[in-house]
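> Got a structure here, written out as structure tokens. Questions coming.
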Amino acid sequence: MSIILKELADFCGTRIEGGDPSTTILSAADITSAQHGQVTQLTNSRYTRYIKDSTASACFIAEDLSLADVPETMTLMRCADPELSFIKAVELLHPGKVYNLNIAPQAVIDTGVTLGDVYIGPYAVIGENANIGDGSEIHAGAYIGNNVKIGKNCKVFPYAVIYDDVIVGNNVTIHSGAIIGADGFGYKFRNNAHVKVPQVGNVVIEDNVEIGANTCIDRGALGSTSIGSGSKIDNLVQIGHNNKVGRNVIMCGLTGVSGSCTIEDYAILAGSSGIADHVTIGSGAVVMARSGVAGDVKPGSQVFGSPAKDKKTAYKEQIALSKLPELLKRVKMLEEKIQSLEKDA
């Protein structure tokens, strides 16, 4: 859609400075490529060099940010939080597709299903006794198992799979290829064979959670694997059985969490981090990228490395290791001098 710049500023709660407030804004773009008719943002001082030659019509910036060489044709949109204001602008200028609330004739709906005012796409499958709330969208080819409960205003994208008995709250987004509620990985080794432990629990996902593409969340062996409200899970994440994930947790791509872990509120698991079973990650703790955690992590701490340890200690060790080749040369030189002195003695 398009909007007059002054109207956009009012919508986003910003103060305009310079340029032409009557300019029509058509879309949003990043600071390196934005052109006339587009709005951008500047939230990192490393990108100030792009302002001078930019042809963008408008730019969101902080109230106290001082800029030189701003083009005469650019309107600055000053605000307390330019990132959030820019997000509002992007959502307005680039609205998502709105699906009519109806059921495609190719969808397969089992018996005992309760549907609110929903969109069900072609070839979606809804299992027996499932319950889906108002405003939710089940896209083409998605599978919703028996006894699944999905709240209001949820989006389940194509070819996502939700196994039996899973409970999903309101305003939850599950992206394509995600699998929710598959069996946990539980076996006992007896008589030279791996005996499967029955996985008879479920998965409970609270409100406002987003689950990335091709992410897997296993059902509990007994009881529930749970994801707390507001948590955001990236693509290609593995969450094992009986994990308890708190509120507003961030899990980045390729993270793997073994079974029966507790990830407390506001924790961050960066990309490719790995968590051993029965570990607790404390509230607000940060596990840095490619770290391997084998023990509990204290609330508010930052850990790095494999095995993970306090970030400062790990960095010192990395610096020491980088000096090891030079230290070995010095040791060899000292050994040669000692040998020479011993011969002369």
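> For Cα Rg over 2.2 N^0.38 Å, the listed values are (1) 1.08; (2) 0.97; (3) 1.34; which was obtained by calculation from the structure presented?
(3)
> What does the net charge come to around Ala28 if you take all other residues with beta carbon closer than 13 Å to its beta carbon, with K and R at +1 and D and E at -1?
Neighbourhood net charge equals -2.
> Further question: Taking R0 as 45 Å, what's the FRET efficiency between Lys312 and Phe189 from their Cβ-Cβ distance, rounded to 0.05?
So the FRET efficiency works out to roughly 0.65.
> How much length is gained if the chain between Ser340 and Leu84 is pulled fully straight, taking 0.36 nm per residue apart and subtracting their Cα-Cα distance, in nm to one decimal?
Residue separation times 0.36 nm, minus the Cα-Cα distance, leaves 85.2 nm.
> Given the peptides 285-298, 155-168, arrange them by the average over their residues of other C-beta atoms within 10 Å, most packed first.
The packing order, highest mean first, is 155-168, 285-298.
> Which parts of the range 219-245 would a label at Asp164 reach, counting a residue when its backbone N lies under 13 Å from a point 7 Å out along Cα-to-Cβ?
Label zone hits: none.
> A further question follows. Going through the cross-link list Lys6/Lys52; Lys149/Lys311; Lys244/Lys311; Lys149/Lys196; Lys188/Lys316; Lys232/Lys298, which pairs have a Cα-Cα distance over 31 Å in this structure?
Pairs exceeding 31 Å: Lys149/Lys311; Lys188/Lys316.
> Given labels modelled 7 Å from the Cα in the Cβ direction, how far is it in nm from Ala213 to Asn248?
2.9
> Can you give me the long-range amide H partners of Ser224? Hydrogens built in the peptide plane at 1.01 Å from N, cutoff under 5 Å, separation of 5 or more residues or another chain.
Counting only residues 5 or more places away or on other chains, the set is Asn202.
> Further, regarding this structure: Between Arg15 and Arg290, take the C-beta separation as r, use R0 = 30 Å, and let me know the FRET efficiency to the nearest 0.05.
Between Arg15 and Arg290 the formula returns 0.10.
> Hey, with R₀ at 35 Å, roughly what FRET efficiency would Leu101 and Thr24 work out to, going by the Cβ-Cβ distance, to 0.05?
With R0 = 35 Å, the Cβ-Cβ based efficiency is 0.60.
All of the numbers you see were taken from the coordinates with simple rules; none came from a lab. Quantities reported herein were computed from a predicted structural model and do not represent experimental measurements. Cβ sites come from the backbone with ideal geometry, for glycine too, and all protein chains shown count toward neighbours.
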